[in-house]
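Working notes for the structure below.
Just so you know, all these numbers are worked out from the coordinates, no wet-lab data involved. This structure is a prediction, so every number in the text was calculated from the model and none was measured. Every residue, glycine among them, receives a Cβ derived from its backbone with ideal geometry; neighbour counts consider all protein chains shown.
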Amino acid sequence: MTAVTFAPPSPNLALNQLVDRRRAGGDSLIHLAFGEARLPLLPQLAEQLAIGATRSAYGPVAGADGVRAAVAGYFTRRGLPTGADRIVVGPGSKPLLMALQLSVPGDVLLPQPAWNTYAPQAAYAGKKVFGVPIPREYGGMPDPGALRETIRRARRGGGDPRLLVLTLPDNPTGTLAPPAAVREICALARAEDLLIVSDEIYRDIVHDPEATPFLSPADVAPERTVVTTGLSKTLGIGGWRIGAARFPPDEAGGLLLDAVVAAASELWSTLAGPMQQVAEYAFAEPPEILARKRASARLHGAVARAVHRIAVEAGAECRPPAGGFYVYPDFEPLRGRLAAHGVTDSASLAERLIDDSGIVVLGGHLLGDRPEALRFKAATSLLYGDEQQQQQALQAADPAALPHIAETLDSLAEGFARLTRRGGARTAR
Ligand SMILES: Cc1ncc(COP(=O)(O)O)c(C=O)c1O
């Protein structure tokens, strides 16, 4: 048989499975390595799924008219007038992002760090990846000066960067690029003729939307921005696999949509009929959907801020989270003390956290960050407890003070403190 070559499985999914195995073996772990918004399923979503069960035909590749119109309405309500003919739905935004990478020529520019799937997808699409450092204040978007310089260097070296992927709000940093930065990057994308893919899957769970202005690149450079979104994060139904993409309104946008639909027709055919029923209902945003989004954004914000505080109190630098459920601490200020404990890079930092304290995180090296940096991503959304506790957390005035969450936060603080303390591993918790 001819040898096959393959990339390792996505590190967050692999770590999630490791955690399941170790927990089954009796280990007590604090799982911060998987960005799943685990919350009780809204009963209305289950009802829609049951209603949709009769939708057993394939249907159009881009999605049925009703669901495309609902997603177009969702974007239009967010200030981006959208025709239903500019929408494609698919089984999660991940395959839509892959189809985009397959459909756009040239190489890819990514913020550094970035969500761990963009780079492997680029490799599968035969593209080179050029990482561009993020500014000190926010992630999900490269530093403009560094982006300009990277494009120059890439072209001098024979690269052909044409696609810029942005994440607003960001996974892994949990931050949101401010409007002025979005304008600056869009101007640069125009000058350099880049297509922007704006991954806005966390848009509806900005923690405090009143106080946090959101500007989409599609507002500023509509002719060159594709927006992707989905229901995995905002409604906690990642396993149902519902995603959508919005294409530019002009002729070139239509051609790109056609190319993505062609790729979809060879990859997944169409979003499952019952899921189209769910998507049509959820993207229309009846009051119970809006209420759930608001409640979950509040909960994610409260717990992400608590974890941020713990990281900073432990001596790390960390950008304050603004959306989603992530923080991205940098333990550089403690490098000397960490080195004394054998921690010299993000891999050894993540290893030490799991071995000594049962804290599972995703090292920055798995997100395209410099391996020698002392950074990791902590996903905070699995700290809400079992289903009953999640419900309680959704309604609590101060979720981080609930006993089951506060106790885990204390263990986290203790684990971070143990990193630089003599004497090493925990005793049984
Ligand atoms: C930034 C980002 N984009 C896209 C996705 C993919 O989500 P889905 O394929 O479930 O829509 C994720 C999930 O972790 C994510 O964090």
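Miscellaneous remarks
- Ratio of Rg to Rh for the range 207-284: 1.02 [Cα atoms; Kirkwood radius as inverse mean 1/r over pairs].
- Charges were assigned to the Cβ only: +1 to each Lys and Arg, -1 to each Asp and Glu. The resulting dipole of the chain about its Cα centre is roughly 660 debye.
- Projected onto its three principal axes, the C-alpha set of the range 269-421 covers 56, 42, 24 Å, listed from the longest axis down.
- Alpha-carbon Rg/Rh ratio, for the chain, with Rh computed the Kirkwood way: 0.96
- A simple count of charges around Val278, restricted to other residues whose Cβ falls under 14 Å of its Cβ and scoring Lys, Arg +1 and Asp, Glu -1, yields -1.
- Cβ-based charge dipole, the range 54-285, positive-most Cα from Phe247, Gly230, Pro133: Pro133
- Calculated [θ] (222 nm, deg cm²/dmol) that DSSP helices of n ≥ 4 give over the chain, each run adding -39,500 (n - 2.57): -13000 deg cm²/dmol
- All Cα pairs of the range 53-163, percent lying beyond 23 Å: 47
- Binned Cα-Cα distance frequencies in the range 54-285 - 10 Å width, integer %: 8, 35, 38, 16, 3, 0
- Two-decimal log10 I(q)/I(0) for the range 176-313, as the Debye equation yields it once each C-alpha is a single scatterer, q = 0.09, 0.21 Å⁻¹: -0.35, -1.31
- Between helix 11-24 and the chain: long-axis angle, C-alpha atoms, 0 to 90°, nearest 10: 50
- Given charges at Cβ of Lys, Arg, Asp, Glu: the chain dipole, positive-most of Thr76, Pro286, Ile30: Ile30
- Percentage of interatomic Cα-Cα distances in the range 101-151 larger than 14 Å: 49
- Restraint check, Lys128/Lys233; Lys293/Lys377; Lys127/Lys293, Cα-Cα greater than 26 Å: Lys128/Lys233; Lys127/Lys293
- Relative exposure of Cys186, Cys318, judged by other C-beta atoms within 10 Å (fewest first): Cys318, Cys186
- Volume of the Cα convex hull of the range 343-424, divided per residue and given in Å³: 102
- Cα radius of gyration and Dmax for the range 296-355 (Å): 13.0, 41
- Cut-off 11 Å between beta-carbons: net charge of the residues surrounding Asp65, Lys and Arg +1, Asp and Glu -1: -1
- Its Cα centre serving as origin, the range 20-100 has a Cβ charge dipole (Lys and Arg +1, Asp and Glu -1) of approximately 160 debye.
- Net dipole in debye of the range 328-369 [+1 Lys, Arg Cβ; -1 Asp, Glu Cβ; about Cα centre; nearest 20]: 120
- Taking Cβ atoms as reference points and 10 Å as the exclusive limit, the residues near Gly174 contribute a net charge of +2, counting Lys and Arg as +1 and Asp and Glu as -1.
- Judged by the mean number of other Cβ atoms found within 10 Å, the most tightly packed of the peptides 160-170, 45-55 leads the ranking 160-170, 45-55.
- Between Ala339 and Ser56, the modelled label-to-label distance comes to 6.7 nm, taking each label 7 Å out from Cα in the direction of the beta carbon.
- Among Tyr58, Tyr124, Tyr138, Tyr326, sorting on how many other beta-carbon atoms sit within 10 Å of each Cβ, with the fewest leading, yields Tyr58, Tyr124, Tyr138, Tyr326.
- Listed residue (His341, Ser357, His404) projecting farthest to the positive dipole end of the range 333-429, Cβ model: His341
- With contacts taken as Cα pairs under 8 Å at a separation of at least 6 residues, the chain carries a relative contact order of 22 percent.
- Helix 403-418 axis, angle to the chain major axis (alpha carbon atoms, nearest 10°): 70
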